[in-house]
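The values are calculated or read from the model by the stated rules, or taken from the named source; none is laboratory data. Because the structure is predicted, anything quoted here is derived from the model rather than measured. We place every Cβ from the backbone using ideal geometry, glycine too, and count neighbours over all the protein chains shown. The area values use the complete protein model at the heavy-atom level, side chains included, leaving out ligands, DNA and RNA. Shrake-Rupley method; radii C 1.70, N 1.55, O 1.52, S 1.80 Å.
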Amino acid sequence: MTKITGRIPQIDWSTGFERHWNGGNPAVTHVFNALSFLFPQGEKFFIDVAREVVRGITLDRNPELQQAVSGFVAQESIHGNQHNQYNAILEKQGFENVVHDLIDRLNALSHRYFSPLTNLAIVCGYEHYTAILGNFILSNPQILERAPADMALIWGWHSVEETEHKAVCFDLYQAAGGGWLRRVLVFILVTLDFIFLFARLYFSLLYRDHCLRPSRLPGTIGQSLKFFFGGSGVAWHLLWHGSRYLSPLFHPWNQDNRQRLQEWLAENQTRLREIA
Ligand SMILES: [Fe+2]
Ligand SMILES: [Fe+2]
């Protein structure tokens, strides 16, 4: 297991970013913006659950996993912090996180009614989606090639770290005694939850940006369909790699994409500050 390090991307958020920062394409820009709105509350939930599970089991014989969990917590808390700054700019542009209160309620219900192990299965499911989305971004650099350097940096950096820590919660779940059936049943719920929250946010961003007006609707549908269902569309990637999670033999590192991660880091290391 490689050491998991927290890094702060050197981004000046005070300068803001263009409304359609991703190459002037609103439908693709708002895919990223919707994900950004989801991250801070999701990542806080992941951290709280991982910490709760670690408190309940002894990892004395597994110092590597213990260290990996600390690295995971460090990375996710920096992600949340950076995306809060990103989201504050979206709010200044007139956008709103319309699922904010709903996510708060869902997280509270999960803590109240589900066991720590079931909540960790939720985290594992979401971490699988962030890992495969990260892999999609790293494998398809053309989707950010028309983005400003800082926006390409935050999405590349987040993708790299999601890849780097993709197995931490999965290994913790197994160390805590979690089994296949719970993992897979919860993954189905996570998938429905993710699709609903993402779609609700995505359409609200498009609506507020007037992209759903009759005059702009055909263009929006075209851009959106191409991104999701085109030749190398993200939907096919999510479907293919998402379904692998259902196998009893699944492990996040069955797909070894470390080289992609290292190549991105080698190119962008100078724009990241490692924390001790
Ligand atoms: Fe993250
Ligand atoms: Fe993560």
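State whether one or more residues within segment 234-248 are touching a residue at least 12 places away in the same chain (Cβ under 8 Å), in a loop (DSSP other than H, G, I, E, B) and open to solvent by 90 Å² or more (accessible area, probe 1.4 Å). Yes, segment 234-248 has at least one match.
Candidates in segment 104-131 are the residues that are within 16 Å of ligand 2 (Cβ to nearest atom) and among the β-branched types (Val, Ile, Thr); of these, the one that is least open to solvent (accessible area, probe 1.4 Å) is Val123. When each of Asn22, Asn87 is tested for being away from ligand 1 (no atom under 16 Å from the Cβ) and surrounded by 15 or more Cβ atoms within 10 Å (Cβ to Cβ), the lone residue that passes is Asn22.
Name the residues in segment 150-183 that are touching a residue at least 24 places away in the same chain (Cβ under 8 Å), assigned to a helix (DSSP H, G or I) and among the aliphatic types (A, V, I, L, M), would you? Working first, answer last.
Looking only at segment 150-183, we keep the residues that are touching a residue at least 24 places away in the same chain (Cβ under 8 Å), and these are 150-151, 153-173, 175-178, 180, 182-183.
Next, only the ones that are assigned to a helix (DSSP H, G or I) stay: 150-151, 153-164, 168-173, 175, 180, 182-183.
Met151, Leu153, Ile154, Val160, Val168, Leu172, Ala175 - these are the residues of segment 150-183 that are touching a residue at least 24 places away in the same chain (Cβ under 8 Å), assigned to a helix (DSSP H, G or I) and among the aliphatic types (A, V, I, L, M).
Does Gly134 count as within 14 Å of ligand 2 (Cβ to nearest atom), touching a helix residue (DSSP H, G or I) at 6+ places or on another chain (Cβ under 8 Å), among the small types (Gly, Ala, Ser) and in a helix (DSSP H, G or I)?
Numbers: within 14 Å of ligand 2 (Cβ to nearest atom): yes; touching a helix residue (DSSP H, G or I) at 6+ places or on another chain (Cβ under 8 Å): yes; among the small types (Gly, Ala, Ser): yes; in a helix (DSSP H, G or I): yes.
When the stated conditions are applied, Gly134 passes them.
For Asn81, the conditions (1) within 14 Å of ligand 1 (Cβ to nearest atom); (2) in contact (Cβ under 8 Å) with a residue 60 or more places away in the chain; (3) more than 20 Å from Gln269 (Cβ to Cβ) all hold with the exception of (2). Please state which of the following conditions Gly24 fails to meet, knowing it meets all the rest: (1) within 16 Å of ligand 2 (Cβ to nearest atom); (2) farther than 21 Å from Asn84 by Cα; (3) in contact (Cβ under 8 Å) with a residue 60 or more places away in the chain. Going through the list (1) within 16 Å of ligand 2 (Cβ to nearest atom); (2) farther than 21 Å from Asn84 by Cα; (3) in contact (Cβ under 8 Å) with a residue 60 or more places away in the chain, Gly24 breaks only (1).
Taking Ala147 as the residue in question, decide whether it is farther than 17 Å from His237 by Cβ, surrounded by 16 or more Cβ atoms within 10 Å (Cβ to Cβ) and without any contact (Cβ under 8 Å) to a residue 12 or more places away in the chain. Write out each step before concluding.
Numbers: farther than 17 Å from His237 by Cβ: yes; surrounded by 16 or more Cβ atoms within 10 Å (Cβ to Cβ): yes; without any contact (Cβ under 8 Å) to a residue 12 or more places away in the chain: no.
Considered against the rule, which asks whether it is farther than 17 Å from His237 by Cβ, surrounded by 16 or more Cβ atoms within 10 Å (Cβ to Cβ) and without any contact (Cβ under 8 Å) to a residue 12 or more places away in the chain, Ala147 comes out as no.
Inside segment 11-55, can you point out the residues that are within 30 Å of Ile221 (Cβ to Cβ) and outside any helix (DSSP H, G or I)? If the condition is that a residue be within 30 Å of Ile221 (Cβ to Cβ) and outside any helix (DSSP H, G or I), then Gly16, Phe17, Glu18, Arg19, His20, Trp21, Asn22, Gly23, Gly24, Asn25 are the ones that fit.
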